[in-house]
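Each remark here refers to the structure printed beneath this line.
The values are calculated or read from the model by the stated rules, or taken from the named source; none is laboratory data. Model, not experiment: these values are computed from the prediction. Cβ coordinates were reconstructed from backbone atoms using ideal geometry, including for glycine residues, and neighbour counts include every protein chain displayed. When the accessible area is computed, the model is the full protein with side chains, heavy atoms only, and any ligands, DNA or RNA have been set aside. Shrake-Rupley method; radii C 1.70, N 1.55, O 1.52, S 1.80 Å.
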Amino acid sequence: MRVRVLGSAAGGGFPQWNCGCVNCDGVRTGTVAASARSQESLAVSADGETWFLLNASPDIRSQIEAAPQLHPRRPRHSPLAGVVLTSGDVDHCLGLFCLREAQPLVVASTERVWRGLAETNALFRTLQRFPGHTRWLELDPEQRVSLPTADGAPSGLTVQAVALTGAPPLHLRAGLAPSELDNIGLLVEHAEAGAVLAYFPGCAQIDGRVRNALARADAVFFDGTFWSNWELKEQGLGERSAFDMGHVPVGGAEGSMETLQSLTQQRFLIHINNTNPVLREDSAERRFVEAHGWRVASDGLELVLGSTGARSA
Ligand code: MLT
Ligand code: MN
Ligand code: ZN
């Protein structure tokens, strides 16, 4: 299985347009050791020809242009066959609307996420310009679903949802009680190559189910949004905690570094918020993460998983 990190930052990106925090200002002026990052999304493929996006970020157009494997092979063509969504958050969905140019696509998500997109949302009709334009594939945590190519043939990849403690997208929170299907983790499998990718960009609670799912994977991408629970408040940038926003912090006794110590496969933090000190390559927090065997994902990172040999390019 081929994997490319299209974007590794949380919603807003790094730097974020309306943020002058230490990291955002520092990366603009070149005074911190950090690289700019676009909003989180992965591209995955069994054969290197047909690709699926895991989340469709608002930065999708420049992410596709930066990835040669996603360029058209002939006039009016795209190697993209579909998009798998882990939530209905704007940073995961907005890119869908940028893929509206008459290209049939499969969108795989939970029913909750699909309804949030398609119901009472006139903008969604731009993805339904002709019969078969956008075909929905339901993800149900009990089932492994085969991802089809545009003509309906199997792509070689399957995907399984892992239900997570989370919250509805901010714009749907009023009147909608949280559900485990608002926000999911993904296990993407390329059975022929014997490769499994775990993709968990938003996870509020590391329970046995999460641990078991991550243990099955050859590579793990996990929620690296915040270093600490009160990071936004401490920097004077917000009132909400990491847990309340649906993200387990990286540091601290309850954080992902401590609670996921048993993992041994290659593992990456992704969906990094611009306030997170792990973005700075010379920070104590970055050293801590690396000492625990984790890397901070960066845009353009590529992996090959499975029988062709697990290596990072
Ligand atoms: C999140 O990851 O918590 C959301 O993307 C926040 C948001 O929608 O702004
Ligand atoms: Mn987000
Ligand atoms: Zn910032």
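Name the residue that is surrounded by the most Cβ atoms within 10 Å (Cβ to Cβ), counting only residues in region 230-261 that are within 16 Å of ASN274 (Cβ to Cβ) and within 20 Å of the chain's Cα centre (by Cα).
Among residues in region 230-261 that are within 16 Å of ASN274 (Cβ to Cβ) and within 20 Å of the chain's Cα centre (by Cα), the one surrounded by the most Cβ atoms within 10 Å (Cβ to Cβ) is VAL250.
When you scan region 52-73, do you find a residue that is surrounded by fewer than 21 Cβ atoms within 10 Å (Cβ to Cβ), in contact (Cβ under 8 Å) with a residue 12 or more places away in the chain and farther than 27 Å from ARG280 by Cα, even just one?
yes
If a residue must be under 20 Å from ALA198 (Cα atoms) and within 16 Å of ligand 1 (Cβ to nearest atom), how many such residues does region 25-50 contain?
Selection size over region 25-50: 4.
Is it the case that SER45 is surrounded by 15 or more Cβ atoms within 10 Å (Cβ to Cβ), more than 24 Å from ALA191 (Cβ to Cβ) and under 19 Å from the mean Cα position of the chain (by Cα)?
In short, no.
Please go through region 1-29 and pick out each residue that is away from ligand 2 (no atom under 16 Å from the Cβ), small (Gly, Ala, Ser) and farther than 20 Å from GLU285 by Cα.
GLY20
Out of (1) in a loop (DSSP other than H, G, I, E, B); (2) within 16 Å of ligand 3 (Cβ to nearest atom); (3) open to solvent by less than 10 Å² (accessible area, probe 1.4 Å), what's the single condition that is false for ALA34?
(3)
Scan region 6-24 for residues that are open to solvent by 10 Å² or more (accessible area, probe 1.4 Å), in contact (Cβ under 8 Å) with a residue 60 or more places away in the chain and within 14 Å of ligand 1 (Cβ to nearest atom) and report the count.
Residues meeting the conditions: 4.
Spot the failing condition for THR29; the list is (1) crowded, with 24+ Cβ neighbours inside 10 Å; (2) more than 21 Å from ALA167 (Cα to Cα), and only one is missed.
Of the numbered conditions (1) crowded, with 24+ Cβ neighbours inside 10 Å; (2) more than 21 Å from ALA167 (Cα to Cα), the odd one out for THR29 is (1).
What about LEU70, is it within 16 Å of ligand 1 (Cβ to nearest atom) and either farther than 21 Å from THR134 by Cβ or not charged (D, E, K, R) (or both)?
When the stated conditions are applied, LEU70 does not pass them.
When only residues in region 134-168 that are within 16 Å of ligand 1 (Cβ to nearest atom) and open to solvent by 10 Å² or more (accessible area, probe 1.4 Å) count, which is farthest from MET245 (Cα to Cα)?
Here the answer is THR165.
Could you check ARG37 against (1) within 21 Å of ALA219 (Cα to Cα); (2) away from ligand 2 (no atom under 16 Å from the Cβ); (3) not acidic (Asp, Glu) and say which number it fails?
(2)
Checking ASP299 against (1) without any contact (Cβ under 8 Å) to a residue 60 or more places away in the chain; (2) open to solvent by 10 Å² or more (accessible area, probe 1.4 Å); (3) under 22 Å from LEU6 (Cβ atoms), which single condition isn't satisfied?
(1)
Tell me which residues, restricted to region 187-206, are open to solvent by less than 10 Å² (accessible area, probe 1.4 Å) and more than 20 Å from THR259 (Cβ to Cβ).
VAL188, ALA195, LEU197
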